[in-house]
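J.: Attaching a single structure in structure tokens format; questions to follow.
The values are calculated or read from the model by the stated rules, or taken from the named source; none is laboratory data. Bear in mind the structure is a predicted one, so any value in this text is a computation, not a measurement. As a convention, Cβ positions derive from the backbone with ideal geometry for all residues, glycine included, and neighbour counts pool all protein chains shown. Just so you know, the surface numbers come from the protein's heavy atoms only, side chains and all, with ligands and any DNA or RNA stripped out. Shrake-Rupley method; radii C 1.70, N 1.55, O 1.52, S 1.80 Å.
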Amino acid sequence: MPDLRIEISGERIPGAAAVGENSSFIAVANARPVGASVVSRTFPNTTNLSFISLNGEWRRRAMPDEPPLAPIARDFDDDEWDRVLVPDNYGLEPALSAHFGAVYYRRHLAPPLSPRCRLEFDAVDYLADVWLDGRHLGHHEGYFAPFDFDVTGLVAHGSMLTVRVQDPFEDWAPDKPFTAHAKRAIKGTLKYHDSRPGGLPGLNTPGWTPRLAQSMTTGGITGSVRLRGTGIARVNALFVTPIDEARGIVHLAIVISNDGAMDVDADIELGVNPSSNPRELHEGWLRARLLPGANRIDARVTIPSPRVWWPVSHADLGQPETYAIWCAVSVGGVKSDSKTVRCGLRTARVEDDPKRLEVNGRSVFVQAANYIPRQHFAAIDVSSDFYRRDMRLAAAAHLNSLGVHGHLQSPHCYTAADDAGFLIFQDFALQWHYDSGRKTNPAFIDNACRQIADMAYSLWNHPSIVYWACHNEPTAMFVPDQQPDEDYDTDNQILDEALERALRKVESMRHVHRASGIGDDLHLYDGSLSGGNVYGVRKRRSWFVSEYGFWTLGPQSWRWNELGWPPDDYQMRNWLSRLSFGPSTMS
């Protein structure tokens, strides 16, 4: 018998917002609410589901110049191309570490045994164009969001899939400070940061060049690729939002596409089980009439005997318990599609008077460090174990939070944080200044707003994420008190206001901060970059300091990359360019 209490809801959590071109979340933005009724039980007797992983060996060729005829035809001869394993980041290879032109990937396909078929990419960095047997399927921009294409009836045995990838070069002037460089690629610290090669851009760093600053590119097909076969109904998204963690009440949003031209009756199975006890199963069933296109069902679900997710610093109250929640949709007694997500029963909010973070109604003292552990996520050693090790080290250092700084990490990072009970303060992938003026780059703000919505949808179900920041250190932080200017937006005020609005359209539960380093989210470097005394941090009142402190040279610094002491001029320039703040560090 079903033991999940389900009540259909008229509330929409998360909200609907525009997303990127060919994003996997387009259905969320377009979905129409449909009615549903709770039923006792359904029994699908067969399935239309199939799955073909496209990870593994592909052919790859980097193109210094765009060829006059793109290598997209099915019969194009790619025998001399390199053989690489996808997922792939090519920027760690010395020959491609500063390659900013096109990189083409190709592989043969076989069709899945299902009535309908989608080609799905978890991530491609940064610009992607996709062809199937020479037919252009579409384009995508971004490095972290999933996207897909309908390839029903297009895939035959021996079909050729071609993907053109590019991490574009941004040509900045060496004689300008880092706050003046107007970027266009939304990659944050993966593209442009004082902890990357080149350090602080421009005149702030001796020997700086744009190619050095963008070397070790993160480009490539960096996530998994697959062909997913379904029936006429597809589960596009499943969002779980805790409402009352102690009573086990969650808001469930189910987005299902009907790919046919007529209404269909569908049975929807819901299942819940705690990760700590997979044998404990809770079930419920719905019945709905799906309209052609994207449909949405919102419901309040009560999970029996709830296990609350607690951060690592609150082990006296409980563990970071997680749940697997799945949804399967059947049409005519045949299972058409299913989707499983992981979540946790956790509420989090920033309260006022005094301002503080509360998790499950309890005030939490934030003990945090900024976190940029890896930029090349496709490497074979960047698995869940990589991040679990870091979480163990952070817990041993008495931390309970990490700030994923100016970028998004690999999906494995957030799963590891969920399991370890770490609170994540998540920045969108903007670092310093961007070309967001209406006259200079009119499409940028819309593009950024679509990508920030993709970020929220992609990471929605992770209990570890408690805080969003839309932009790290925009120019307004360094050049305050300017008037907003839509035409040129030289301090990104117009951009950041638009990003906050876009994110709040999606997000009604977590805290949203417009720009890290501004307002009551401060960056304080007293005693290091700002001079003076470390205790100067106390002179400014803030509920939250998201950057503070300094880095050390490290225990092996005396060896100077094994070249000994004293460094010659080249070694000194290289060291300064990678640490950015040479005089401050050395003094």
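J.: Using a ≥ b ≥ c from the Cα gyration tensor of segment 106-168 (square roots of the eigenvalues), is it rounded, prolate or oblate, where a/c under 1.5 gives rounded and otherwise the larger of a/b and b/c decides, a/b for prolate?
T.: prolate
J.: Where q = 0.19, 0.29 Å⁻¹, what log10 of I(q)/I(0) comes from the Debye formula for segment 54-101, counting one point per Cα?
T.: Ignoring solvent entirely, the Cα scatterers give -0.75, -1.25.
J.: Another question about this same structure. Could you state the number of Å between the C-alpha centres of segment 312-372 and segment 384-440?
T.: 16
J.: A further question on this structure: Could you pull out the pairs from Lys439/Lys505; Lys355/Lys439; Lys187/Lys355; Lys355/Lys539 whose alpha carbons sit more than 28 Å apart here?
T.: With Cα atoms farther than 28 Å apart: Lys355/Lys439; Lys187/Lys355.
J.: Now for a different question. Can you work out the accessible area per residue across the chain, with the rest of the protein chains kept in place, probe 1.4 Å, in square angstrom?
T.: For the chain, the solvent-accessible area averages 42 Å² per residue.
J.: Near Lys191, which lysines are there with a Cα under 17 Å away, not counting those fewer than 8 places off in the same chain?
T.: Cα-Cα hits under 17 Å: Lys183.
J.: Can you tell me which of 386-395, 494-503, 201-210, 141-150 comes out highest on packing, and rank the rest after it, using the mean Cβ neighbours within 10 Å?
T.: Per-residue Cβ counts within 10 Å, averaged per peptide and sorted highest first, yield 141-150, 494-503, 201-210, 386-395.
J.: If packing is taken as the average number of other Cβ atoms within 10 Å across a peptide's residues, how do 44-55, 234-245, 282-293 rank, most packed first?
T.: Result, highest mean Cβ count within 10 Å first: 234-245, 282-293, 44-55.
J.: Among [x] 40, 32, 22; [y] 88, 49, 19; [z] 64, 30, 19, only one was calculated for this model; which label is it, if the read-out is semi-axes √(5λ) of the Cα gyration tensor in Å?
T.: [x]
J.: Using Cα atoms only, what is the angle between the long axis of helix 411-420 and the major principal axis of the chain, expressed in degrees (0 to 90) to the nearest 10?
T.: Compared with the principal axis, the helix lies near 80 degrees.
J.: Given only helices, namely DSSP H runs of n ≥ 4 each adding -39500 (n - 2.57), what is the per-residue ellipticity at 222 nm of the chain, to the nearest 500 deg cm²/dmol?
T.: Per the formula, -4000 deg cm²/dmol.
J.: I've got another one for you. Between helix 384-396 and the chain, what is the angle of the helix's C-alpha long axis to the longest principal axis, kept within 0 to 90° and rounded to the nearest 10?
T.: Result, in degrees: 60.
J.: What's the FRET efficiency of Arg362 with Arg135 using the Cβ-Cβ distance as r and R₀ = 56 Å, to the nearest 0.05?
T.: With a Förster radius of 56 Å, E is 0.50.
J.: For the ranges 372-385, 108-121, what's the packing order if you count other beta-carbon atoms within 10 Å of each residue, average per peptide, and put the highest first?
T.: Going by the mean number of other Cβ atoms within 10 Å, highest first, we get 108-121, 372-385.
J.: How large is Rg/Rh for segment 238-289, to two decimals, with Cα atoms and a Kirkwood Rh?
T.: Rounded to two decimals, Rg over Rh is 1.07.
J.: Go through Thr230, Thr152 and list them by solvent-accessible area, largest first, probe radius 1.4 Å.
T.: Thr152, Thr230
J.: Now for a different question. How far is helix 444-459 tilted, in degrees, relative to the longest principal axis of the Cα atoms in the chain, given as a value from 0 to 90 rounded to the nearest 10?
T.: With both axes taken from Cα atoms, the answer is about 60 degrees.
J.: Once fully extended, how much extra length lies between Asp79 and Arg5, figured as 0.36 nm per residue of separation less the alpha-carbon to alpha-carbon distance?
T.: Difference between extended and current length: 20.8 nm.
J.: Rounded to a whole number, what % of the accessible area of the chain do carbon and sulfur atoms account for, probe 1.4 Å?
T.: Ligands and nucleic acids excluded, carbon and sulfur reach 52 percent.
J.: Follow-up. Give me the percent relative contact order of the chain, please, defined on Cα pairs under 8 angstrom at least 6 residues apart.
T.: This gives 16 percent for the chain.
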